[in-house]
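Right, I'll just put the structure down here and ask away after.
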Amino acid sequence: MEVSPDIWIEKYRPRTLDEVAGQKEVIERLKSYVRTKSLPHLLFTGSAGVGKTTCAVALAREMFGDSWSMNFKELNASDERGIDVVRNQIKQFARTSPLGDASFKILFLDEADALTQDAQAALRRTMENYAETCRFILSCNYSSKIIDPIQSRCAIYRFKPLSDEAVCEEMDRIAKAEGIKIEDGAYIAITYVALGDMRKAINALQGAAIVSETVTAENIYAITSNAKPQEIEDMLTYCFEGDFETAERLLRSLMYDRGIAPNELLNQLYREISSSTTLDRKVKVDLIDAIGETDFRLSEGANADIQMEALVAKFVKAKIE
């Protein structure tokens, strides 16, 4: 079997709103704009890989038809964060008249939460002054980083992380189109790794399909540099049994033999502990507090080896006490 050389994220990107997975409530509201041919300023907020950019492009396609590319512009605010991008690129596009039969144009500003406060203040005035000729769609991961005057000018759409069912359906569709086989365990691995992020899921599937004709859970974890859930569970078990040496050896094996990043291990440990139904409440609180402290210290530049081993030591002490 020969795997397609295309980048699957782009190859299977939805072209219409109906093709967008896992955001049914949002899609129904956006389709009402298409039916009425009217559009307010919009603010899309949510985690990465949940369909914000895809929805903006699909909305423009359905709103403008064949002339959509002439009346739609996409900018990424993380590339140029200052006030100049608002005064020049954004203002220049917003002030010009739409082409063809369109009554307005759409400017999609991705990662808008990366804009400085001054740039957002300038953007507020631009949105107000050129509302007749241009509608703005802003996309961000954290709506709290968008100033209130902009938020009040927009209809806010909150995109939720994609469900496991939505991710599995999309993986099944791509697998059938590419002629690859996915084992049942691999679906569980993909949803575990993706955490509601479709981009992560598609990348993991393509990477695993390249190295093997059959996509397995083993390949998914290896491609994405994630520990298996069982390995995380084993590490915690050793800690709770007071076996620091074995837990420390497993930690070192994951970090150095497998090359898994400390921050990724922290995320997986947090997921395992927070979802546990057997841990005593006080112990769970102590463990999550220890993870938070380690995460902060790593972000401040502390030595990863020392901090991760100290975390294992805290886990051992928390259970013993």
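Take residue 58 and decide whether it is in contact (Cβ under 8 Å) with a residue 40 or more places away in the chain and within 25 Å of residue 180 (Cα to Cα).
For residue 58, the condition - in contact (Cβ under 8 Å) with a residue 40 or more places away in the chain and within 25 Å of residue 180 (Cα to Cα) - is not met.
One line per residue, one yes/no per condition, for (1) under 13 Å from residue 227 (Cα atoms); (2) of a type in the set (Asp, Glu); (3) open to solvent by less than 90 Å² (accessible area, probe 1.4 Å); (4) out of contact with any strand residue (DSSP E or B) (no Cβ under 9 Å at 6 or more places or on another chain):
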position	(1), (2), (3), (4)
239	no, no, yes, yes
250	yes, no, yes, yes
259	yes, no, yes, yes
264	yes, yes, yes, yes
269	yes, no, yes, yes
272	yes, yes, yes, yes
281	no, no, no, yes
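Which residues, counting only those in the stretch 2-17, are open to solvent by 90 Å² or more (accessible area, probe 1.4 Å) and in a loop (DSSP other than H, G, I, E, B)?
2, 5, 7, 15
With acidic (Asp, Glu) and in contact with a strand residue (DSSP E or B) (Cβ under 9 Å, 6 or more places away or on another chain) as the only criterion, which of 178, 183 stands out?
Being acidic (Asp, Glu) and in contact with a strand residue (DSSP E or B) (Cβ under 9 Å, 6 or more places away or on another chain) holds for just one of 178, 183, which is 183.
Grab the helices (runs of 4 or more DSSP H) fully contained in the stretch 158-247, keeping just those with 2 or more residues being touching a residue at least 12 places away in the same chain (Cβ under 8 Å) and either farther than 30 Å from residue 315 by Cβ or touching a Ser or Thr at 6+ places or on another chain (Cβ under 7 Å) (or both).
It comes to 164-178, 184-194, 198-211.
Which of the residues that make up the stretch 113-156 are of a type in the set (Gly, Ala, Ser) and touching a residue at least 60 places away in the same chain (Cβ under 8 Å)?
Those that are of a type in the set (Gly, Ala, Ser) and touching a residue at least 60 places away in the same chain (Cβ under 8 Å): 131, 139, 143, 155.
Further question: Considering only the stretch 195-227, how many residues are under 23 Å from residue 256 (Cα atoms) and either of a type in the set (A, V, I, L, M) or surrounded by 21 or more Cβ atoms within 10 Å (Cβ to Cβ) (or both)?
So the answer is 11.
I would also like to ask the following. Restricting attention to the stretch 180-194, which residues are open to solvent by 50 Å² or more (accessible area, probe 1.4 Å) and under 20 Å from the mean Cα position of the chain (by Cα)?
188
Taking the stretch 267-304, which residues are touching a residue at least 24 places away in the same chain (Cβ under 8 Å) and farther than 24 Å from residue 195 by Cα?
283, 286, 304
Test residue 278 against the stated conditions and say whether it is among the polar types (S, T, N, Q) and not in a helix (DSSP H, G or I).
The answer is yes for residue 278.
Report, by residue number, each residue of the stretch 125-134 that is open to solvent by less than 80 Å² (accessible area, probe 1.4 Å) and farther than 15 Å from residue 38 by Cα.
If the condition is that a residue be open to solvent by less than 80 Å² (accessible area, probe 1.4 Å) and farther than 15 Å from residue 38 by Cα, then 126, 127, 130 are the ones that fit.
Does residue 177 satisfy being exposed (fewer than 13 other Cβ atoms within 10 Å of the Cβ) and at pLDDT below 95?
yes
Against the condition open to solvent by less than 80 Å² (accessible area, probe 1.4 Å), closer than 17 Å to residue 250 by Cβ, out of contact with any Gly (no Cβ under 6 Å at 6 or more places or on another chain) and assigned to a helix (DSSP H, G or I), how does residue 290 come out, does it pass?
no
Moving on to the next point. From the list 156, 146, 137, which residue is within 21 Å of the chain's Cα centre (by Cα) and open to solvent by 20 Å² or more (accessible area, probe 1.4 Å)?
Answer to the selection: 156.
The values are calculated or read from the model by the stated rules, or taken from the named source; none is laboratory data. Quick caveat: nothing in here was measured; it's all calculated off a predicted structure. We place every Cβ from the backbone using ideal geometry, glycine too, and count neighbours over all the protein chains shown. Remember, those area values only see protein heavy atoms, side chains included, never the ligands or the DNA or RNA. Shrake-Rupley method; radii C 1.70, N 1.55, O 1.52, S 1.80 Å.
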